[in-house]
Amino acid sequence: MNTESVTNQVKFDEVFHKCNWKYTRQRSVLLKNIFSGPKKHFCVNDINDDLKNKSIFFSYTTLFNNLNDLVDNKFLNRIECGNQYFYDTNLSKHIHVYDGDKNMIFDLNDYEMLNKEIPIPACLKLLDEYSLIINIKKVNGE
Ligand SMILES: [Zn+2]
């Protein structure tokens, strides 16, 4: 089974077509990096580091523009958090938690599982706003 494109049901040919991209190996690796494996959140720097490890180099602007194309064509969701952008391969509406200590975005459900000691109000489960971000930073960094 080809798990590469199955996981998120993204067909790379379709991405190149819809984004009006010329085929390059860099972009192909970029797409593999983003869409293979489980659904995930990332920021531009995460992807940049991953690509550098594979000896694929984009200028920051080009990388950013490529990610914008993916957002515009609904292959990715962009989450604005303060002055930074995070990207999500999960296109469904869900609530995010921004962990200021880790500088990472989590889905609310995952965050609760990982941080059982933090009581998150149950009423938040009733919300259905994709844009809602709960910003958490522990006061006494324990
Ligand atoms: Zn998410």
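The values are calculated or read from the model by the stated rules, or taken from the named source; none is laboratory data. Because the structure is predicted, anything quoted here is derived from the model rather than measured. Don't worry about glycine lacking a Cβ; one is built from the backbone with ideal geometry, like all the others, and counts go over all protein chains shown.
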Review point. Filter segment 46-80 for residues that are in contact with a helix residue (DSSP H, G or I) (Cβ under 8 Å, 6 or more places away or on another chain) and within 29 Å of Lys138 (Cβ to Cβ); which is farthest from the ligand (Cβ to nearest atom)?
Key: Asn48
Check your understanding: Any chance segment 81-100 includes a residue that's part of a loop (DSSP other than H, G, I, E, B), in the same structural domain as Gln9 (by TED's automatic domain parsing), touching a residue at least 60 places away in the same chain (Cβ under 8 Å) and more than 14 Å from the ligand (Cβ to nearest atom)?
Key -> no
Review point. Which one of these is in contact (Cβ under 8 Å) with a residue 12 or more places away in the chain, in contact with a strand residue (DSSP E or B) (Cβ under 8 Å, 6 or more places away or on another chain) and surrounded by 14 or more Cβ atoms within 10 Å (Cβ to Cβ): Phe12, Phe35, Phe58, Phe42?
Key: Phe42
Revision key, fill the gap. Over segment 110-142, the set of residues over 22 Å from Asp46 (Cα atoms), modelled with pLDDT of 85 or more and either within 12 Å of the ligand (Cβ to nearest atom) or in a loop (DSSP other than H, G, I, E, B) (or both) is Asn115, Lys116, Glu117
